[in-house]
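Below you'll find the structure, written out as structure tokens, and then a few comments.
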Amino acid sequence: MMGRTSQAILAIAIVLVFASPGFGQESVAVWRGAKAGLGSGGATKTPATPPTNPAGPATPGNQTNTSQPGGNQSVDPGQQILAPNTFEDMSIPTIAAQLSLVSNVTVIADTSISSEQTISFAHAEETLEGVLKKLALAAGGAEVIRIDARTFLITLLKKDSPLFFQYAESQVYRTKNEKAENVFPLLSKQVQDFVTVRNETSTLMVTAPKALLTVIMKQIEMIDRPARQIVVEAMITELEVVNGSETGFSWSWKNFAVDNGLIAQYSKATFEDVAKLKALIIANKARLRAQPRLAAFEGRMSEFFVGQETYFSILSGNVNFPTAQIQKIDSGVKLKFTALVGDDGWITLDLQPEVSDAVANNAGNPTTTIRRANTQVRVRSGETIAIGGMMQDSDKRRVTKLPILGDIPLIGELFRQTTTEKKTTEVIMLITPHVGQGLSLKK
């Protein structure tokens, strides 16, 4: 009887093993239990069923958590809901370690986060990512970087941190319109530490976490935009005031007006004024000193100079052993300007014109006469503005004599004649700016 019962149980166990692989382990257990029962009198023991919701490990610290990280695996670990918690007098690395335990993810505090400084931190019922962002702010403005699906890093984004280059990315930007050395100072102070400039190739190397890298690259692209081009035409003339009176030359100045309570507007020179000035030049009653035409990018200073470099020897030092020094003096016409174009079409010009002449006095030392102006005006593209009133009084001495006889001492005065001519000259400048072709302005 006992032999038949044992054979029947063994047959049932074999059938269960081959018929249902998922229950193989249970079938073997049944078979082993049956074999043991037979050995002790034939009673069969059924194994205990494990609990469906076993209690998890005790939550560390003073905190309670109702999240079930092991439940729905399709939920993003960063979006799991954490129960309200309070952390009293703990360091950031310690809080990060406890959040790792309750959320079943890895939260790491970088070495840039001090482990000696403690804080009190509390959060409401919210997602893990929300809790980590608040913890990063409590750490002094740190950032939360997601390394992978189940790893988060809290860091102050310091380049000397050993982990910085583990999560940072690099990108090279070659400037198209501005020099790299001019772009760098315009970047936000907070991101300049992540940018390296190479002036030789006008490139910027950006090394930062992906999100910050995108922000920095957008800033660089906004700065490196093509500047508008301004063309400035100038006609610089010098004429005697008496000639101006004889020809009826006059200015069509109107009263100054104030625009928006800040900038004075100047009336432009009329076509008649320009025509009369050109007539004086043709009649040799006015001298055309320069007529430059310059093109420049807006916002950048441009300079024009036409004249001569005069060198003078100046003696200095001991009388018995004087030292001769060569000094250079530039004289002629110089024009410096900076132009800005507003969206309304007005051009703001910062003008610094200068006219100078260098002559030697009776002692042989140089004397320089300078007429200079420094002004800011607003004008439309194609309109002409005038700068005048820079007058100068000069004495011109002329000696007429008979050859040889006029050079004889004492009696030479009888054979030569000296006349002194006084004259007043005025420098007049006509400036006409143009916005470069191919550039559009907002109306």
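The values are calculated or read from the model by the stated rules, or taken from the named source; none is laboratory data. All values reported here derive from a predicted model rather than from experimental measurement. Cβ coordinates were reconstructed from backbone atoms using ideal geometry, including for glycine residues, and neighbour counts include every protein chain displayed. Accessible surface areas use protein heavy atoms only, side chains included; no ligands, DNA or RNA. Shrake-Rupley method; radii C 1.70, N 1.55, O 1.52, S 1.80 Å.
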Quick one: count up the residues across the range 169-205 that are touching a Ser or Thr at 6+ places or on another chain (Cβ under 8 Å), closer than 26 Å to LEU132 by Cα and open to solvent by less than 20 Å² (accessible area, probe 1.4 Å).
1
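Condition check ((1) open to solvent by less than 40 Å² (accessible area, probe 1.4 Å); (2) in contact (Cβ under 8 Å) with a residue 60 or more places away in the chain; (3) out of contact with any strand residue (DSSP E or B) (no Cβ under 6 Å at 6 or more places or on another chain)) across all residues:
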position	(1), (2), (3)
ALA83	yes, no, yes
ILE95	yes, no, no
SER100	yes, no, no
ASP110	yes, no, no
SER114	no, no, yes
GLN117	no, no, yes
Which condition does ALA324 not pass, out of (1) over 20 Å from GLU238 (Cβ atoms); (2) aliphatic (A, V, I, L, M); (3) surrounded by 10 or more Cβ atoms within 10 Å (Cβ to Cβ), if it passes all the others?
(3)
List the pairs whose first member sits in the range 162-174 and is more than 16 Å from ILE108 (Cα to Cα) and of a type outside the set (Asp, Glu), whose second member is part of a strand (DSSP E or B) and open to solvent by 20 Å² or more (accessible area, probe 1.4 Å), and whose Cβ atoms are under 7 Å apart, counting only residues at least 6 apart or on separate chains?
SER170/MET205; VAL172/MET205
Go through the range 110-185 and tell me which helices (runs of 4 or more DSSP H), entirely inside it, have 3 or more residues that are more than 28 Å from ASP224 (Cβ to Cβ) and touching a Leu at 6+ places or on another chain (Cβ under 8 Å).
128-138
Of all residues being in a helix (DSSP H, G or I) and among the acidic types (Asp, Glu) in the range 405-423, which is least open to solvent (accessible area, probe 1.4 Å)? Just the residue, please.
ASP407
LEU239 fails exactly one of (1) open to solvent by 80 Å² or more (accessible area, probe 1.4 Å); (2) at pLDDT below 85, namely (1)
Give me the pairs, please: first residue somewhere in the range 301-320 and open to solvent by 50 Å² or more (accessible area, probe 1.4 Å), second residue anywhere and aromatic (Phe, Trp, Tyr), beta-carbon distance under 9 Å, and either six or more positions apart or on two chains.
MET301/PHE337; GLU303/PHE337
Which members of the range 188-203 meet the condition of being closer than 24 Å to ASP160 by Cβ and out of contact with any Leu (no Cβ under 9 Å at 6 or more places or on another chain)?
SER188, LYS189, GLN190, GLN192, THR203
